[in-house]
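The structure appears below as structure tokens.
None of the figures in this text is laboratory data; all of them are computed from the coordinates on show. Remember, predicted model here, so these are calculated numbers, not experimental data. As a convention, Cβ positions derive from the backbone with ideal geometry for all residues, glycine included, and neighbour counts pool all protein chains shown.
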2 protein chains.
Amino acid sequence: MAGYPQNPSGYNYGAPPPSQQYYSAPYGVAPPPYGQHQQLPYTHVASPYGAPSPSPSYGAPSSSPFAALLPSTFPPGTDPNVIACFQMADLDGSGAIDDNELQRSLSAYNQSFSIRTVRLLMYLFTNTNTRKIGPKEFTQVFYSLQNWRGNFEKFDRDRSGRIDASELREALLSLGFSVSPFVLDLLVLKFDKTGGMNKAIEYDHFIECCLIVKGLTEKFKEKDTTYSGYATFSYEAFMLTVLPLLIA
Amino acid sequence: MAGYPQNPSGYNYGAPPPSQQYYSAPYGVAPPPYGQHQQLPYTHVASPYGAPSPSPSYGAPSSSPFAALLPSTFPPGTDPNVIACFQMADLDGSGAIDDNELQRSLSAYNQSFSIRTVRLLMYLFTNTNTRKIGPKEFTQVFYSLQNWRGNFEKFDRDRSGRIDASELREALLSLGFSVSPFVLDLLVLKFDKTGGMNKAIEYDHFIECCLIVKGLTEKFKEKDTTYSGYATFSYEAFMLTVLPLLIA
């Protein structure tokens with residue numbers, strides 16, 4: 001159980017959230033109805049995106065029932081950097097970014113992202129397997145990646161470009177996800193590019209870990225309506241919950 | 001709902017199993033304790049492998065408690081074809097086949113298998129992410145693939161090398177899995193190599209569909225101990241159930 005010194009059992013369910021964390025509703029998503037002091041068995045109360053909340057005007061276009069019929073647009077006040085990044089990524093000028101365009105953009109600057117990671121990212125921010133994102137989803141992806149990169153750098157204390165299971169645990173915790181050592185070991189075992197020698201993962205796979213943990217936790221929470229830490233699925237619901245992630 | 005003419009709702013839960021199917025316990029796995037006439041909401045009573053049962057002597061080496069300490073071996077009476085295939089695949093003569101060796105072997109003869117499909121195959125037949133299989137697991141893989149190929153050819157009636165959602169449904173049903181049109185559509189949408197034009201999948205992706213449906217159904221059944229069609233997971237159990245499949 002080395003690597004989990006703060007908790008000999010290695011399992012941090014029910015630990016109090018870091019004091020700087022609070023409910024936020026990025027991108028117009030309503031927070032779940034947990035009481036402020038209620039402890040969740042599987043997540044902290046932080047926003048699952050962990051991203052800074054955009055301005056209140058952000059969610060405005062969705063308030064009209066016609067909004068769903070129109071392609072998403074950047075709301076007034078969007079950071080010009082985000083718009084510039086979107087336009088650079090949208091190589092064919094279609095107004096939407098597909099999986100190959102997003103992979104090309106993210107893989108610049110000495111960093112690689114597999115098409116699988118990119119598709120998982122797109123699935124989780126659109127909840128469909130269409131593999132296209134518009135300005136609205138791009139903005140969410142932008143802020144989430146910015147936040148996740150900050151977390152990675154914070155916990156990669158020796159600047160090795162890698163974080164180990166214990167640092168991954170701290171990073172996920174600060175994003176609002178409390179996962180067990182078994183889950184962490186599975187993730188690190190899978191994503192260690194040295195075949196288990198380093199027992200550590202690099203940035204691209206850290207992002208994939210964040211996506212997998214975020215995706216599964218959110219799917220589970222949808223079914224755990226009483227926040228008991230248990231969820232019941234029909235066979236059909238189980239298949240339709242897990243399949244889109246498996247085939248993203 | 002075209003393509004599901006036998007059942008307008010499109011959902012075949014509870015349909016009687018095809019008469020030629022019966023419980024078998026391939027590879028020494030005990031059948032689940034369903035009553036012979038009990039209808040399962042999510043699978044037929046056929047063996048999930050669908051493979052012919054090997055001779056009773058097959059499981060013998062496992063009967064000693066020391067068996068787990070030794071590498072698996074071919075039991076007496078194993079088809080020489082299986083042993084020859086194993087030896088051809090085991091390029092480094094290590095006595096075990098790794099993911100690259102298995103991919104190379106399966107991808108011969110004008111057929112390709114992605115490393116992801118191969119790893120999913122290895123995970124499902126070892127229940128670990130070690131990515132090595134010995135003679136025992138290879139024999140299971142061999143007979144399952146033989147059986148799945150037979151099913152694919154049976155339902156690919158026009159010999160196009162592709163099967164559509166309706167044929168996939170029939171093929172999965174004859175393997176013992178009854179999945180809904182929504183699940184079938186998701187699978188075909190994902191695996192159609194023409195981006196949705198053909199609405200059909202080729203052999204390598206048919207195998208991936210079989211693996212995914214088999215893997216998820218078996219995981220679900222482990223938790224559905226009363227065979228009610230519903231299963232309750234703790235958050236931890238949910239993560240440990242789904243993660244190995246996601247990261248295989």
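Starting from the label point of A:Ser228 at 7 Å along Cα→Cβ, the same points in the other copies fall at 1.1 nm, in ascending order. Among the listed pairs B:Lys154/B:Lys199; A:Lys132/A:Lys199; A:Lys199/B:Lys193; A:Lys221/B:Lys221; A:Lys136/A:Lys190; A:Lys199/A:Lys223, those whose Cα-Cα separation exceeds 29 Å are A:Lys132/A:Lys199; A:Lys199/B:Lys193; A:Lys136/A:Lys190; A:Lys199/A:Lys223. Here the chain B residue lying nearest the rotation axis onto A, judged by its C-beta and given with the distance in whole angstrom, is B:Thr232, 2.
You can think of it this way: the chain between A:Thr232 and A:Asn198 has 8.5 nm of extra reach, that is 0.36 nm per residue less the Cα-Cα gap.
Between A:Asn129 and A:Met88, the modelled labels are 3.2 nm apart [label points 7 Å from Cα along Cα→Cβ].
With contacts taken as Cα pairs under 8 Å at a separation of at least 6 residues, the stretch B:80-246 carries a relative contact order of 17 percent.
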